[in-house]
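Each remark here refers to the structure printed beneath this line.
Please treat every number below as a calculation from the coordinates, not as lab data. In this text, all values refer to a predicted model and were calculated from it rather than measured experimentally. Here the Cβ is made from the backbone with ideal geometry for all residues, glycine too, and neighbour counts use every protein chain on show.
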Amino acid sequence: MPNIAQFHPQIVHFVIGLLIVGVAMRVVSLTGKLRFTIPAGLTLILIGTFAAWLAVRSGLDAHGPVERIPGARAAVQEHEEHGETARNVFFAVAALELIAWSMTRRESLVRRAYWVYVASAVVGLFGVFELYETGEHGGKLVYSYAGGPGLRTGDPADNERLLLAGLYNQAMADRKAGRNAQAAELMGMMAKRYPLDTTVQILNAESLLLDTKKPTDALTALNTVHPAANDGRTRARVGTLKADIYLALGSKELAKRALQDVIDSLPKGAPQASRLKAKMDSIR
């Protein structure tokens, strides 16, 4: 069978939706109301069980690279165990559904089929719990261990974006915790690795102002940033930061001029203009 690791994220969402709704249909069908839920539950559970088999298969194809992430192995194994348990439980549910359906084909067994449907619903509810546990552990792999980048697309740029996000988030955490030197170090790493990224360069200039208290260096770094003429948002951000730098240098006039230059460059009625004017008023 071909490697289907890249389809794991798509498949698992179908599994969750199909099986949860399928079990819900089966539970409702036991009330004797909404008769359509009897065949609907069977159909959704059968399709969802097949999808669960595919989900486990694609997950096993994907687990190698994720397991090699330092510290992630135990989390990967827990996710796999819950996924395999959920699949096996729904194999049993699917078997019960088929047995009950075949019993309804014979008039003498219709009443007994009801109790098989009850068993299916009970086992199915346990399966839904296992689905939840599988999803919870899968989310932990993605959000706590960064186990997803590069697997779905095979694009190395995914890892670059992961690195950038990691550096940024840790720098913000360091700044919040008062570790300004570490925050500045990480921002400097970002600026060095991504010299053409306008947002990164703005963040680095901001870090030089806030973390290292070097407004002159911040101004030098910011002067290398040249937003596109039609990018009013970035132009406003650069103007605001430049004003803050001039204020740190003790020049209110230059701060106001930096803001006015941006206001003049913006189209009439641009939403950024009002915020820039408010900042000018606060300087006055």
Margin query: For region 5-145, what does the relative contact order come out to in percent, with C-alpha contacts under 8 Å and a separation of six or more?
Written below: 28 percent
Check: Can you list the lysines whose alpha carbon is less than 21 Å from that of residue 252, not counting same-chain residues fewer than 8 positions off?
Finding: 213, 214, 242, 277, 279
Check: Using Cα pairs under 8 angstrom and six or more residues apart, how large is the relative contact order of region 132-284, in percent?
Finding: 12 percent
Item checked: Nearest-ten-degree value, helix 157-176 long axis tilted from longest Cα axis of the chain -> 60 degrees
Next item on the list: Given the peptides 213-223, 231-241, 274-284, arrange them by the average over their residues of other C-beta atoms within 10 Å, most packed first.
Entry: 231-241, 213-223, 274-284
Note to self: Output the 0 to 90 degree angle, nearest 10, between the alpha-carbon long axis of helix 180-193 and the longest principal axis computed from the alpha carbons of the chain.
What the structure shows: 80 degrees
Notebook entry, point to check: Given (i) 18.0; (ii) 23.5; (iii) 23.0, which label gives Kirkwood radius over Cα pairs in Å as computed from the coordinates?
Noted result: (ii)
Margin query: Order 51-58, 122-129, 170-177 from most to least packed using the mean count of other Cβ atoms within 10 Å.
Written below: 51-58, 122-129, 170-177
Next item on the list: For the chain, find the longest principal axis of its Cα atoms and tell me its angle to the long axis of helix 110-145, 0 to 90°, nearest 10.
Entry: 20 degrees
Next item on the list: Quick one: net charge around residue 100, please, counting Lys, Arg +1 and Asp, Glu -1 for every other residue with C-beta under 14 Å from its C-beta.
Entry: +4
Note to self: What's the ranking of 82-89, 246-253 by average number of surrounding C-beta atoms within 10 Å, highest first?
What the structure shows: 82-89, 246-253
Notebook entry, point to check: When the helix-only estimate is applied to the chain (DSSP H runs of n ≥ 4, each -39,500 (n - 2.57), divided by the residue count), what is the mean residue ellipticity at 222 nm, nearest 500 deg cm²/dmol?
Noted result: -26500 deg cm²/dmol
Check: Can you give the Rg to Rh ratio of region 5-145, both from alpha-carbon atoms, with Rh computed by the Kirkwood formula?
Finding: 1.07
Next item on the list: Two decimals is fine: what is log10 I(q)/I(0) at q = 0.12, 0.13, 0.15, 0.27 Å⁻¹ for region 15-81, from a Debye sum with one equal scatterer on every Cα and no solvent?
Entry: -0.45, -0.50, -0.59, -1.02
Notebook entry, point to check: Hey, what did the chain get for relative contact order, percent, Cα under 8 Å, at least 6 apart?
Noted result: 12 percent
